[in-house]
Each structure stands twice: as C-alpha cells, then as structure tokens.
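S.K.: Quick one: structure below, then a few questions.
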Amino acid sequence: MRRRIFGAPATAVVLALLIPLTACGDSGDASDSEGTLRLVAAEYGDTPATSSKAFWDKATADFTAAHPGIKVEVRLVPWADIDREVSRMVKAGKAPDIALMGSYSDFAAQGKLYSADELLSVTSEANFLQPLAEAGSVGSTLYGLPFVASSRLLFYNQAHFDKAGVKPPRTWTELKSVATALKNKGVKFPYAMPLGPEEAHAEALIWELSNGGGYADSSGNYSLASEQNVKTWSWVKEHMVGAGLTGPTPPSQLNRADAFAAFLRGEVGMLNGYPSLAHEARAKGISVGTIEMPVSDDLGAGATPPTVGVADWMMAFKQNDNRKPISQFLDFIYQDKNLTEFANRYHLLPSTVSAQRAVAGSGGIDRNDTQFLTALRGAQLYPVNDPAWVTVSDTIKRNIGRAVEPNGNPKAVLEEIAAKATEASKNR
C-alpha cells in the first residue's frame, strides 16, 4: 500500500429510490444505441427537490448539443447501494462506461479501468488537487478521477460557548476543559463522538492524526495498532467518554447522521463536520464556529497535523471500448463551470485547481468554506487506492467504538482490527 492515504467514501446523503435519469431513454443495464454513453452516478440529494437529476439533465443535454453524435444515459443510485450495484454490473459483463461513486481501486486492480493518461490531456490531469490525485492513483497511475471533495473541521456552537464562557480549544486538555464547562451548563452532547458503524473511520482518523498517528506508517504499511493510536484511544476512553463528556448515547452507537441531527437541534457543543453542515446550521439560526481539530498535549498547541479529507471518484470502464467519447464527456464535465455548479449545489469543494480558484475568486464563497478549501489542500484521505480498503474500513467502522466502551481495551481492539486488515490485504 502507498504511504499517501487519500480518498474516501462520499459524504453526501442517500436518496431512498433509484431514479432513472436520461438524455436518451431507458436506464437499464444494457444499451445498444450507437453513440450512447452510460453513466451510473451516486445520488447526492435526499429529496426529489434536491436530487442530482436537475444537474445531469442539463449537463447531458448541453453535452449532446455540443457533440450531436453522442448521447449520455445517466442512472442515479443511492449511496448505500452504488458500490454493490456497479460491482454487480461489472461481474455480469454489463459495466457502465463511467461511474461516479466512492471507490475505484478494486476495479483498477482487475484491469477494468482506463487510466487518466488514456482519457485526459496532460494539462487536465495536472489540474487535479495534489492530495486528491495521489488518492486516485494506484502506484503512479491515476485511475480514480476526483470529482468533488470536502474536508473535516471541528464545529462548535457559539451560543453554547458564550454561555459557558469558553474559547475554542487548541489541545486535548483544553478540549476536555471546554467539554466539561459545556456539560456543566446542561449541553446534552458536550462533544458528539460518532463511532457508530455509519462512518466511524472518519472520526477515528481525525483523532489519530491529532496525536501523530493514523492508518499507515512512513513505509506505507497499515499501522492501525501503533503505540500512538493506542495512546489516543486510551486517552479518549478515560478523559472524554469515561468523564461523561460525549453525551447520553454511547459513541459506539452514535452514527454521524444522528450526531449531525443533534447539532442542528442545538444539543451539541462540538463535533467534527463538513461544509454542508455549517450551511444547514446557519439556516436554522445556529451560530457556528469552525477550527482545526485540537492536538494532543504531546504534540503541543503549535502542531498542525493533516486534516481529514474525503473525495468522490469518476472512473471509466474499458469494457465497451468507448474511450474517445468517454474522453470527450469527461473533458466537458470537468470544465470549471460544470464542476463548480455541482459542488456548489451540495456545498462541496471542486477537485481541480482551476475550479477552486474560480470559486475562491467569485466572491460567492464564505469564510467557513474558505477554511475548508484551505484544509483540503493539505488533507489526508482514506487509502482508497488500496483494494483491501473497503474491507478494512468496514472493520474499523464496526469495531473501533468498542475501544472506548466501559469495559473496552483499546490495545486489544486495535490489534484485532489490525489483524483483520492484514488478512484482508493478503486476500486481495
């Protein structure tokens, strides 16, 4: 596995229904229409009103108008289902031409994907933000084309902070002190810690990085049970969970969606979040502050470890031998105006240098989003370029919460996770 652990499952919400979306007709597995590209894309909306359908309707119509011989058929699939659905299509010999989803490396390892240099000009390939390009690469070859991304920062409810008379923390000791003050003022979740199976691997990596640890060592091997990580979870168990500073729901049972919902109800003092949460909170009249995650006292307040970033990936399948029209479509969809329109629709960040400059220079980005942009440029992402990551991440999500339970043993839990990761890597 490569040292740079970048890339992530998507951070968008799930639509409960499959929505056929097309510029040219049926959205089933097969399409015999000459000059038709099939794109299977994750649905980023959570209601019909916020569905991605409107974006793809316009984008595909505009593309076909500019390239009359090529039509694009788009199928939207909920985030909960898309990895499984695309894998099914590939195994059935009915791979789409293009997919937009949260993982790509398994298909790359099987030799199913076109590489970026087969699809994009040198200039276009070089336009991707470096951490994202590294996350999309297996070895030195780019297969996963980053589309939209986000980074994570620590959110705090300014009204709760004002009532408790506290300032944003810079170290873990300060974080504990602030959480204690919030608890004393009756805040239900002084620090919301979602270590439930939905997305525990995000919260886990944030904490581990803030103590100089993480998922990989300097040689690029998994280091899930490193001494630094054991120290991290021992501290969290004793000083946050054991001290009653994480709220009434045990972290192992608290999912991200539930933590975010509690924040939007005004029940949370602090939690890690991404850009769209800030916009939702302000829409509900909640005054939100965002800062980088405080660091351990061992690192000291002056340390600035990487923030956690997440990205979603475009990938192009070889099966239908449509390299040229795929190349033309990707060239179109990665134009700054299209990329920024999609990113802005969901308060995400575009993946290219030129699109980010366009967003930053438009005057339409607020101070909080600027913070997320800055954080993304130095972010560390999950190791989606490792084909075993899907299994490893699932192991982390389903087990890391046990490390901070009353009878939990952080070292034993981490060693168990590490052993399963080793086995998963051997089986790839």
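The values are calculated or read from the model by the stated rules, or taken from the named source; none is laboratory data. Fair warning: this is a prediction, and the values are worked out from it, not measured in the lab. For neighbour counting, all protein chains shown are included, and Cβ atoms are generated from backbone atoms with ideal geometry for every residue, glycine included. These accessible areas exclude ligands, DNA and RNA; they are computed on the full protein's heavy atoms, side chains included. Shrake-Rupley method; radii C 1.70, N 1.55, O 1.52, S 1.80 Å.
S.K.: Please state which of the following conditions T290 fails to meet, knowing it meets all the rest: (1) crowded, with 17+ Cβ neighbours inside 10 Å; (2) among the polar types (S, T, N, Q); (3) under 24 Å from G69 (Cα atoms).
M.R.: (3)
For (1) of a type in the set (G, A, S); (2) touching a helix residue (DSSP H, G or I) at 6+ places or on another chain (Cβ under 7 Å); (3) in a loop (DSSP other than H, G, I, E, B), each residue gets a yes or a no:
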position: E73; (1), (2), (3): no, no, no
position: P96; (1), (2), (3): no, yes, yes
position: G111; (1), (2), (3): yes, no, yes
position: E125; (1), (2), (3): no, yes, no
position: A133; (1), (2), (3): yes, no, no
position: F147; (1), (2), (3): no, no, no
position: Y156; (1), (2), (3): no, no, no
position: A159; (1), (2), (3): yes, no, no
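S.K.: From the residues in segment 110-119 that are buried (at least 19 other Cβ atoms within 10 Å of the Cβ) and under 24 Å from the mean Cα position of the chain (by Cα), which one is nearest to S425 (Cα to Cα)?
M.R.: Taking segment 110-119 as the starting set, the residues that turn out to be buried (at least 19 other Cβ atoms within 10 Å of the Cβ) are 113-114, 116, 119.
Pick out the ones that are also under 24 Å from the mean Cα position of the chain (by Cα) and you get 113-114, 116.
Details: L113: 21, Y114: 24, A116: 25 Å.
Top of the filtered list is L113.
S.K.: Separate question: Could you grab me the full set of residues in segment 251-271 that are over 20 Å from R402 (Cβ atoms) and open to solvent by less than 10 Å² (accessible area, probe 1.4 Å)?
M.R.: Step one: filter segment 251-271 for residues over 20 Å from R402 (Cβ atoms), giving 257, 260-271.
Within segment 251-271, A262, F263, V268, G269, M270, L271 qualify.
S.K.: Which ones in segment 399-414 are touching a residue at least 12 places away in the same chain (Cβ under 8 Å) and not polar (S, T, N, Q)?
M.R.: Of all residues in segment 399-414, those touching a residue at least 12 places away in the same chain (Cβ under 8 Å) come to 399-406, 408, 410-411, 413-414.
If the condition is that a residue be touching a residue at least 12 places away in the same chain (Cβ under 8 Å) and not polar (S, T, N, Q), then I400, G401, R402, A403, V404, E405, P406, G408, P410, K411, V413, L414 are the ones that fit.
S.K.: While we're on this one: Report, by residue number, each residue of segment 78-92 that is open to solvent by 40 Å² or more (accessible area, probe 1.4 Å) and in a helix (DSSP H, G or I). Lay out the reasoning, then the answer.
M.R.: Pass one, segment 78-92, residues open to solvent by 40 Å² or more (accessible area, probe 1.4 Å): 80-81, 83-84, 88, 91-92.
Result: A80, D81, D83, R84, R88, K91.
S.K.: Restricting to segment 201-236, name every residue that is outside any helix (DSSP H, G or I), among the hydroxyl-bearing types (S, T, Y) and open to solvent by 10 Å² or more (accessible area, probe 1.4 Å).
M.R.: Restricting attention to segment 201-236, the residues satisfying the condition of being outside any helix (DSSP H, G or I) are 210-226.
Subset that is among the hydroxyl-bearing types (S, T, Y): 210, 215, 218-219, 222-223, 226.
Selection gives S218, S219, Y222, S223, S226.
S.K.: In addition: Name the residue that is nearest to the chain's Cα centre (by Cα), counting only residues in segment 189-200 that are open to solvent by less than 10 Å² (accessible area, probe 1.4 Å) and under 16 Å from R402 (Cβ atoms).
M.R.: A200
S.K.: A further question follows. Just to be sure before I move on: is F107 out of contact with any Lys or Arg (no Cβ under 8 Å at 6 or more places or on another chain), crowded, with 21+ Cβ neighbours inside 10 Å and either assigned to a strand (DSSP E or B) or hydroxyl-bearing (S, T, Y) (or both) in the structure I sent? Give the steps one after another, and end with the answer.
M.R.: Numbers: out of contact with any Lys or Arg (no Cβ under 8 Å at 6 or more places or on another chain): yes; crowded, with 21+ Cβ neighbours inside 10 Å: yes; either assigned to a strand (DSSP E or B) or hydroxyl-bearing (S, T, Y) (or both): no.
No.
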